[in-house]
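Student: I'd like to ask some things about the structure below.
Taken together, the values in this text are just the output of simple stated rules run on the coordinates, not laboratory data. None of these values were measured; they are calculated from a predicted model. Counting neighbours? That spans all protein chains shown, and the Cβs are built from the backbone with ideal geometry, glycine included.
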Amino acid sequence: MIILVTGGARSGKSSFAEKQYENKKDVVYIATSKVMDKEMEDRVLMHQKSRPSCWRTFEGNYGLDKAVGREENYLLDCITVLTSNIMYDLTKDEERISIELQKKVEDTVVDELNKLISEVKEKNYNLVLVTNEIGSSLVPESHIGRVFRDIQGRVNQRIASVSDEVYLVCCGMPVKIK
């Protein structure tokens, strides 16, 4: 079962995703964050405290399919940070991001996710993916911000299309949309 959970920042999507594996010990938490400053360190610690210590953690943005082991349940949190990190890796030296480079970023993110999804499906395991719904806000002021929003929106659409279920979480309340 592949489940995509989306929603705004602090909407409760991570809590909802973690509840999918309540009382399960055979869970791998796939963390996509990179700790670059004190704020991110605090956020990572908050997430670590919110999940059972028996869950195995896999950290990374590439080779996500390598997280798949003997455990039957996987939770990736989050696609938005994954996209941000890959976008930075591929565009950090660019002032303006061409359509071709935007496509490369999008395809790289989707390829990483599809490899993970394929590995999970092949073994008949479960995967919950968390992502931000970022298109419902203000139009970003900068070119880079608008490019990121557009890429993330398209990544979300592509992953939703291959997911068995999709939930939108708003104010801590999940709504099944697929």
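Student: For an R0 of 25 angstrom, estimate the FRET efficiency from the Cβ-Cβ distance between Arg56 and Glu22 and round to the nearest 0.05. Display every interim value, and only then the final one.
Tutor: Values: r = 17 Å, r/R0 = 0.67.
It comes out at approximately 0.90.
Student: If you take every DSSP beta bridge fully contained in the chain, what fraction is antiparallel? Give it as a percent rounded to 5.
Tutor: Numbers: 4 of 29 bridges.
Looking only at bridges with both residues in the chain, the antiparallel portion is about 15 percent.
Student: How far is it, in nm, from the label point at Arg10 to the one at Asp150 when both lie 7 Å from their Cα along the line to the Cβ?
Tutor: Going from the Arg10 label point to the Asp150 one covers 3.0 nm.
Student: Under a point-charge model restricted to the Cβ atoms of Lys and Arg (+1) and Asp and Glu (-1), what is the dipole moment magnitude of the chain relative to its Cα centre, in debye to the nearest 20?
Tutor: Rounded to the nearest 20 debye, it is 460 debye.
Student: Right, another one. Note the full-extension length gain between Val139 and Lys104 as 0.36 nm times their separation in residues minus their Cα-Cα distance, in nm to one decimal.
Tutor: On the way: separation 35, 0.36 × 35 = 12.60 nm, distance 2.26 nm.
Result: 10.3 nm gained on full extension.
Student: Using alpha-carbon pairs under 8 Å, 6+ residues apart, how would you state the relative contact order of the chain in percent?
Tutor: Numbers: 280 pairs, mean separation 68.2, N = 178.
RCO, the chain: 38 percent.
Student: Now for a separate question. Give the long-range amide H neighbours of Cys170: residues separated by 5 or more places, or on another chain, with amide H under 5 Å away, using H modelled in the peptide plane at 1.01 Å from N.
Tutor: Those lying under 5 Å, H to H, from Cys170 are Val175.
Student: Any chance you could give the angle, 0 to 90 degrees and rounded to 10, that helix 79-91 forms with the longest Cα principal axis of the chain?
Tutor: Its long axis makes an angle of about 40 degrees.
Student: Count charges around Leu64 for me, please; just the other residues with Cβ under 11 Å from its Cβ, Lys/Arg as +1, Asp/Glu as -1.
Tutor: -3
Student: Cα gyration tensor of the range 1-144, axes a ≥ b ≥ c as square roots of the eigenvalues: rounded (a/c below 1.5), prolate (a/b > b/c) or oblate?
Tutor: Numbers: a/c = 1.85, a/b = 1.45, b/c = 1.28.
In terms of gyration-tensor shape, prolate.
Student: Additional query: Which is farthest toward the positive dipole end of the chain among Leu138, Phe58, Leu75, measuring Cα position about the Cα centre, with Cβ charges +1 (Lys, Arg) and -1 (Asp, Glu)?
Tutor: Leu75
Student: Among the trypsin sites (Lys or Arg not before Pro) within the range 1-98, which fall in a DSSP loop and have no more than 16 other Cβ atoms within 10 Å of their own Cβ? Intermediate results must be reported in sequence, preceding the final value.
Tutor: Details: sites: Arg10, Lys13, Lys19, Lys24, Lys25, Lys34, Lys38, Arg43, Lys49, Arg56, Lys66, Arg70, Lys92, Arg96; in loops: Arg10, Lys24, Lys25, Lys34, Arg70, Lys92, Arg96.
Loop-located and lightly packed - Arg10, Lys24, Lys25, Lys34, Arg70, Lys92, Arg96.
Student: Continuing with the same structure: What Kirkwood hydrodynamic radius do you get for the range 40-108 when you take the inverse of the mean 1/r over all pairs of distinct Cα atoms, in Å?
Tutor: Details: mean 1/r = 0.0699 Å⁻¹.
Result for the range 40-108, one decimal place: 14.3 Å.
Student: Kindly express, to the nearest 10 degrees and within the range 0 to 90, the angle between helix 99-122's C-alpha long axis and the longest C-alpha principal axis of the chain.
Tutor: It is inclined by approximately 10 degrees.
Student: Please return the longest range in the chain lying between exposed loop sites, taking GluC sites (Glu not before Pro), DSSP loop only, at most 14 other beta-carbon atoms within 10 Å, and leaving the sites out.
Tutor: Details: sites that count: Glu22, Glu94, Glu95, Glu141.
Looking at the chain, 23-93 is the longest stretch - no exposed GluC sites (Glu not before Pro) with at most 14 other Cβ atoms within 10 Å.
Student: Round to the nearest 10 and give me the degree value, 0 to 90, for the angle of helix 38-50's Cα axis relative to the longest principal axis of the chain.
Tutor: 30
Student: If you don't mind, there's one more thing I want to ask. Under a cut-off of 30 Å between alpha-carbon atoms, report the lysines in cross-link reach of Lys92, not counting same-chain residues fewer than 8 places apart.
Tutor: Output for Lys92: Lys13, Lys34, Lys38, Lys66, Lys103, Lys104, Lys115.
Student: Jot down the per residue volume, in cubic angstrom and as a whole number, of the convex hull over the alpha-carbon atoms of the range 77-178. List each step's numbers first, then the result.
Tutor: Details: hull volume 10.7 nm³, N = 102.
Here the figure is 105 Å³ per residue.
Student: Pull up all non-local amide H partners of Asn126: gap of 5 or more, or a different chain, and H-to-H distance under 5 Å with H placed in the peptide plane.
Tutor: Counting only residues 5 or more places away or on other chains, the set is Asn73, Tyr74.
Student: While we're looking at this one, here's another question. Please enumerate, by chain and number, the aspartates and glutamates with C-alpha under 17 Å from the C-alpha of Lys176, excluding those fewer than 8 residues away in the same chain.
Tutor: Leaving aside aspartates and glutamates fewer than 8 places away in the same chain, those within reach of Lys176 are Glu18, Glu133, Asp164, Glu165.
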